[in-house]
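Since the structure comes first, as structure tokens, the remarks are kept for the end.
Derivation of every value follows stated rules applied to the coordinates shown; laboratory data play no part. Everything numeric in this text was worked out from a predicted model, so none of it was measured. Here Cβ is always computed from backbone atoms with ideal geometry, including for glycine, and neighbour counts include all displayed protein chains.
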Amino acid sequence: MRTMLRILSLAAIIAITLFAVKLLIAFKPPPKNETREAQVTRVQTVIVSAKTLKPTLQLSGRLEPARRANLYFQIPGVITAVKIEPGEHVEKGEALLSIDAADYQDRLRETQAMLQQETAGIERDRELLALATHNEQLSQAEVDRLIKLGSKLSSQSSLDTAQQKLTQLRGEHLRLKYALDTAQQRITLKRTARDKAQRNVERTTLRAPFDGLVNRVSVDPGDYATTLSGMAVEIIDAQLEARFNLPASVVKGLQPEATIMVTIDNREYRGTLVSIQPDPDATTATHPAHIMVSGEELIPGQIALIELPTAAASNATVVPVTALLNDDGNHTLFVINQNKLERRNVTPGIRHNGWQQIKEGVEPGEVIVARDVAALADGERVEAEQIAE
């Protein structure tokens with residue numbers, strides 16, 4: 001009995017479920033016909049225009065002393081005096097360092113004495129040559145007299161003695177003549193030795209080659225300086241120069257003594273172009289240039305900036321730099337034609353102040369997408385919004 005009731009209950013549940021499903025199917029609402037409108041990309045546009053571009057090239061350099069001298073001793077010796085410190089101002093010819101000069105002064109006195117002795121000896125030889133010439137003439141006359149007398153009136157020994165004396169006098173005459181002929185060479189040698197000794201005495205004091213500042217002192221009193229010791233003092237010029245490497249595109253328009261404005265620490269200074277190297281550097285292909293800049297507050301090592309004009313483009317077709325798409329060297333723009341994009345290849349020129357010259361590909365008056373062009377595609381429908389320049 002219980003089994004029969006369970007079966008009937010189960011059948012009733014199944015029947016009710018099926019009935020409910022049929023009702024849901026019967027009363028299901030009809031599907032709605034939804035038509036999605038095609039999505040339109042909104043872009044910002046600008047009209048291609050014509051402008052005159054006068055681009056400038058900004059370059060950076062560094063302030064350096066106009067002159068720099070590394071001084072060292074040309075002769076060895078013990079340093080006896082260091083008369084300067086780094087940062088001091090020195091004048092041209094001012095004594096900076098000294099070494100012991102005693103040995104060099106002794107050598108100078110020695111060479112001076114040798115020169116005086118040689119000069120006196122030459123004067124003596126000149127007088128002796130005059131006497132020797134006179135004695136030779138007398139001796140020659142005696143020989144001639146004895147020969148005329150012949151063997152009957154003079155002995156052969158007397159003639160031989162006279163001839164021997166004449167030969168000796170001729171030898172003395174030749175010796176003195178040679179001494180006087182080479183006198184100038186001996187004087188030159190002695191004078192050269194004296195002048196060298198004089199220079200060495202002067203070299204015992206190291207002097208400033210120009211007005212400037214002491215940048216570095218590398219020795220102390222008591223040090224032994226040699227010709228291999230290296231720099232003893234470094235002197236730098238108080239006058240500063242801004243040094244730049246200029247590309248060939250701007251070198252032709254510059255001449256020495258030209259005025260160039262230089263910006264240092266956001267302040268402008270009037271600079272004078274000192275020099276431009278005509279032959280470019282082999283590594284950088286640029287021309288080193290020096291620009292003289294003056295200012296009491298300026299110090300070596302500061303960064304200097306200059307702006308130089310480059311070749312201008314008159315009545316150039318220009319577009320915003322942001323409108324140009326560079327795809328592996330292929331430059332394109334998106335031109336808007338009846339609310340559709342037309343991708344167009346162009347040939348760019350110079351760039352200046354956010355504007356890009358277009359040599360070929362578009363004409364003034366055409367409308368192009370001004371920015372955000374990387375995600376756009378050719379033929380895409382767009383909604384244009386023009387922006388101001």
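Summary of computed values
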| quantity | calculated |
| --- | --- |
| Inter-centroid distance (Cα atoms) of the stretch 174-246 relative to the stretch 284-362, Å | 55 |
| Top of Asn215, Asn245, Asn315 by mean-square fluctuation, Gaussian network on the chain, Cα under 10 Å | Asn315 |
| Point-charge dipole on Cβ atoms (K/R +1, D/E -1) for the chain, about Cα centre, debye to 20 | 1280 |
| Fully extended contour minus Cα-Cα distance, from Glu127 to Gln140, at 0.36 nm per residue | 2.7 nm |
| Candidates Gly349, Gly295, Gly329, ranked by Gaussian network fluctuation over the chain, Cα under 10 Å, top entry | Gly329 |
| Residue-count net charge about Leu96 - beta-carbon cut-off 12 Å; Lys, Arg +1, Asp, Glu -1 | -1 |
| The chain: relative contact order as a whole-number percent, Cα under 8 Å and 6+ apart | 28 |
| Dimensions (Å) - the stretch 186-292, Cα atoms, principal axes, largest first | 60, 37, 27 |
| Neighbourhood charge, 12 Å Cβ-Cβ cut-off, centred on Asn215 and excluding it, Lys, Arg +1 and Asp, Glu -1 | -2 |
| Partner aspartates and glutamates for Lys340 [C-alpha distance under 20 Å; skip if fewer than 8 residues away on the same chain] | Glu37, Glu363, Glu366, Asp372, Asp378, Glu380, Glu383, Glu385 |
| Debye, to nearest 20: dipole size of the stretch 278-340, +1 on Lys, Arg Cβ, -1 on Asp, Glu Cβ | 440 |
| Where Cα atoms sit under 27 Å apart: lysine pairs in the stretch 102-197 separated by 8 or more or lying on different chains | 4 |
| GNM flexibility winner over the chain from Leu149, Leu298, Leu246 (Cα, springs under 10 Å) | Leu149 |
| Cβ-defined net charge surrounding Ile260, 13 Å radius [Lys, Arg +1; Asp, Glu -1] | -2 |
| Cα-based reach from Lys252 at 20 Å (exclusive), listing aspartates and glutamates while leaving out same-chain residues under 8 positions away | Asp279, Asp281, Glu307 |
| Footprinting exposure proxy for His173, His89, His287 (fewest neighbouring C-beta atoms within 10 Å first) | His89, His173, His287 |
| Positive dipole terminus of the chain, leading residue within Thr205, Asn70, Val346 (C-beta point charges) | Val346 |
| Mean Kyte hydropathy of -0.5 or more with a Cα span along the axis of at least 15 Å, helices from DSSP in the chain | 2-26 |
| Percent of Cα pairs exceeding the 29 Å cut-off, where the set is the chain | 75 |
